[in-house]
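Worksheet: one structure, shown below.
The values are calculated or read from the model by the stated rules, or taken from the named source; none is laboratory data. All values reported here derive from a predicted model rather than from experimental measurement. A quick note on method: Cβ atoms are made from the backbone with ideal geometry, for glycine too, and the neighbour counts reach across all protein chains shown.
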Amino acid sequence: MALAAVGDPREFRDPVSAEELEQFETDVLAGFVLARTSAGLADGTIRGDVGHLEQMRAWFGRPLWAPAPLMPGPRPSASVRHDRAI
């Protein structure tokens, strides 16, 4: 068995354009849907899961995988609990 050194790929890549980022997000979401479909989940369940991911993406205002410092202010769960008066 051989070992290979793996480096951070971001060090060698040029910054991506907005169009490339949009294509990547579409590919990731399509892979998510395909994986859920192949697992035998119902269309309504997948639609709900995708909707939740889109809501989180909109709330954060950035890709979900992009690192960011801790954000001051309410967390999404706190705002949901407040809206539902729990």
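Points worth noting:
- First in the range 23-39 and among the acidic types (Asp, Glu), second anywhere and assigned to a helix (DSSP H, G or I), Cβ under 9 Å, 6 or more apart: GLU25/ARG57
- Qualifying residues in the range 47-86 (those that are of a type in the set (Asp, Glu) and at pLDDT 60 or above) - the one nearest to GLU22 (Cα to Cα): GLU54
- Pick from the range 9-46, criterion under 19 Å from PRO63 (Cα atoms) and of a type in the set (D, E, K, R), ranking: modelled with the highest pLDDT: ASP27
- The range 22-71, residues that are of a type in the set (A, V, I, L, M, F, W, C), outside any loop (DSSP other than H, G, I, E, B) and over 12 Å from the mean Cα position of the chain (by Cα): VAL33, LEU34, ALA35, ILE46
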